[in-house]
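A.B. asks: Structure below; questions to follow.
The values are calculated or read from the model by the stated rules, or taken from the named source; none is laboratory data. Source: prediction; values computed, not measured. Using ideal geometry, Cβ is built from the backbone for each residue, glycine included, and neighbour counts are taken over all protein chains shown.
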2 protein chains.
Amino acid sequence: MAPSTRARLVEAALRLFAEKGYGSTSVADILKAAGVHSGSLYHVFPTKQALLLAVLDEYLEGIRSMLLEPAWAGVDDPVERIFALLAIYRHFLVETDFLFGCPIGSVALELHEPDPPVREKLAANFTAWKKAVAACLADAQSRLPEHVDINRLASFVLTTMEGAVMQARTYRSVEAFDASVDSLRDYFDLLLATATARQAPGAHARHPRRVSRNARNIQKGEPQ
Amino acid sequence: MAPSTRARLVEAALRLFAEKGYGSTSVADILKAAGVHSGSLYHVFPTKQALLLAVLDEYLEGIRSMLLEPAWAGVDDPVERIFALLAIYRHFLVETDFLFGCPIGSVALELHEPDPPVREKLAANFTAWKKAVAACLADAQSRLPEHVDINRLASFVLTTMEGAVMQARTYRSVEAFDASVDSLRDYFDLLLATATARQAPGAHARHPRRVSRNARNIQKGEPQ
DNA sequence: GTCTATACCCTGATAGAC
DNA sequence: GTCTATCAGGGTATAGAC
């Protein structure tokens, strides 16, 4: 079955908004990419912003099938799943020569008026992302120190991803991205070691030589 | 001496770009805010982008006097200086009802074409910011574990700031900002404790109950 | 160097035939 | 539902008198 006009528009807009941002993408760009004419677009969506809202819904709906499942294929350890998720963004950046980062983040920083409907959908996307990370942390809770607040840490993981993507795009280089993710990994190593020390109080919690560098390896493979 | 036309334009553009972003600020907006007429602007700057470049130079030039010195007034400890710097951004966000975040970051995510001159100046601003943080880390080096890479960690601090600002602006709330900065603080606490454990190998490196919550307090005060 | 007036283009959005 | 043609408005940038 051929995709509907609406589906073609959302798909094209999704790609263009991610690549060029919302403001820098003109309706004409979308029409051309979707092979649709102006009248048809405005038959389906009353305004350009309504199309953005549909795109943000599409992102939210596809977070599992388009993002999490590809990232987590073959990765079972919950902590490694977090770094596999970050590795997907690295893959996107490298693959697109730093054109494509996080579409939600790009649009988020374009918002300058309150603009409640758009902001709410952006927030919903961030929240769903963090919830997925928080679920991983919950799975690993027994290996983490008691004081760790899972939601707070999930926020920090999202912060790391968005900040790392921003630097990668600005420098057109993965160096700062890797530096950030490596630092987050170091933090996780310390947390895991701290919890181990607590469980086995006889052992000193020296800084562990980390062994799991697989976030770096995963990104070489295709995200399906 | 009255400010020159050029200075008034740069000042107005600096504020407007920070508040509304580059693309969403029209030349007409700048002219009105600066009390300058079109002909005068284009007598000084050939294009709007040239004005942006001047604004980015102004930021880079003012990083010490406008950002670091206010943030660090009365703060001598190098680690606390890092958190005082983050607290300034929190202050900006709260003070402007989440309108104003990091002007460099906002413009950075607006870039979608390679656009080398702008990108280079954004990168220079990021690099200068990280260099200031790295200098703090160098001052604290004796208290940090040997394995810590100062530049990598400085990148991570910038990542944390930018990601935290993005979330704060999206949610229009400091909650996720605070969660990220608190997590970074936790990481620093662990690093400092790890280094202490190394220096005094008899002591267990338990997770320390952190005492320094002053990043939260500093932001209440005026940044001068 | 500063002003007014305006050129020229691209934007989002619409009208109305088919 | 889809097409062509087009509108009204705001965008950057310019021309040219003073």
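A.B. asks: Take region B:32-42 and flag every residue that is under 15 Å from B:PRO3 (Cα atoms), surrounded by fewer than 17 Cβ atoms within 10 Å (Cβ to Cβ) and within 10 Å of DNA strand D (Cβ to nearest atom).
C.D. replies: Hit for region B:32-42 is B:SER40, nothing else.
A.B. asks: Please work out which residue is nearest to A:ASP189 (Cα to Cα), limiting yourself to region A:62-96 and to residues that are within 14 Å of another protein chain (Cβ to nearest Cβ) and among the aliphatic types (A, V, I, L, M).
C.D. replies: Filtering first and then ranking leaves A:ILE82.
A.B. asks: On to the next question. As an exercise: evaluate B:SER26 against (1) surrounded by fewer than 20 Cβ atoms within 10 Å (Cβ to Cβ); (2) away from DNA strand D (no atom under 14 Å from the Cβ); (3) within 14 Å of chain A (Cβ to nearest Cβ) and give the number of the one condition it does not meet.
C.D. replies: Of (1) surrounded by fewer than 20 Cβ atoms within 10 Å (Cβ to Cβ); (2) away from DNA strand D (no atom under 14 Å from the Cβ); (3) within 14 Å of chain A (Cβ to nearest Cβ), only one is false for B:SER26: (2).
A.B. asks: Would you mention how many residues in region A:38-71 are among the hydrophobic types (A, V, I, L, M, F, W, C) and within 13 Å of the chain's Cα centre (by Cα)?
C.D. replies: 6
A.B. asks: Only residues that are part of a helix (DSSP H, G or I), touching a residue at least 12 places away in the same chain (Cβ under 8 Å) and within 10 Å of DNA strand C (Cβ to nearest atom): list them for region B:28-42, please.
C.D. replies: Within region B:28-42, B:ALA34, B:SER40, B:LEU41 meet the criteria.
A.B. asks: Okay, moving on. Restricting attention to region A:168-214, which residues are facing another protein chain (nearest Cβ under 8 Å) and either at pLDDT below 95 or closer than 16 Å to A:ALA140 by Cβ (or both)?
C.D. replies: A:LEU184, A:TYR187, A:LEU190, A:LEU191, A:THR194, A:ALA197, A:ARG198, A:PRO201, A:HIS204, A:ALA205, A:ARG206, A:HIS207 - these are the residues of region A:168-214 that are facing another protein chain (nearest Cβ under 8 Å) and either at pLDDT below 95 or closer than 16 Å to A:ALA140 by Cβ (or both).
A.B. asks: Consider B:THR25 against the criteria (1) assigned by TED's automatic domain parsing to the domain that holds B:SER155; (2) within 16 Å of DNA strand C (Cβ to nearest atom): it satisfies all of them except one. Which criterion is unmet?
C.D. replies: B:THR25 satisfies all of (1) assigned by TED's automatic domain parsing to the domain that holds B:SER155; (2) within 16 Å of DNA strand C (Cβ to nearest atom) except (1).
A.B. asks: Can you confirm whether A:LEU99 is in the same structural domain as A:LEU192 (by TED's automatic domain parsing), surrounded by fewer than 18 Cβ atoms within 10 Å (Cβ to Cβ) and touching a helix residue (DSSP H, G or I) at 6+ places or on another chain (Cβ under 9 Å)?
C.D. replies: yes
A.B. asks: Considering region A:2-17 alone, what residues qualify as being within 13 Å of DNA strand D (Cβ to nearest atom) and without any contact (Cβ under 8 Å) to a residue 24 or more places away in the chain?
C.D. replies: Listed by number, the residues that qualify are A:ALA2, A:PRO3, A:SER4, A:ALA7.
A.B. asks: Give all pairs with beta carbons closer than 6 Å in which a residue from region A:133-162 that is at the interface with chain B (Cβ under 7 Å from one of its Cβ atoms) meets a residue that is at pLDDT below 95; count only pairs at least 6 apart in sequence or on separate chains.
C.D. replies: Hits for this filter: A:PRO145/A:THR194; A:PRO145/A:ALA195; A:PRO145/B:HIS207.
A.B. asks: While we're looking at this one, here's another question. Give region B:97-126 a look and list any residue that's assigned to a loop (DSSP other than H, G, I, E, B) and either within 9 Å of chain A (Cβ to nearest Cβ) or in contact (Cβ under 8 Å) with a residue 24 or more places away in the chain (or both), or say none.
C.D. replies: Within region B:97-126, B:ASP97, B:PHE98, B:LEU99, B:PHE100, B:GLY101, B:CYS102, B:LEU109, B:GLU110, B:LEU111, B:HIS112, B:GLU113, B:PRO114 meet the criteria.
A.B. asks: Identify all residues within region A:43-58 that are surrounded by fewer than 19 Cβ atoms within 10 Å (Cβ to Cβ) and either within 8 Å of DNA strand C (Cβ to nearest atom) or free of Cβ contacts under 8 Å to residues at least 40 places away in the same chain (or both); write none if there are none.
C.D. replies: Within region A:43-58, A:HIS43, A:VAL44, A:PRO46, A:THR47, A:LYS48, A:GLN49, A:ALA50 meet the criteria.
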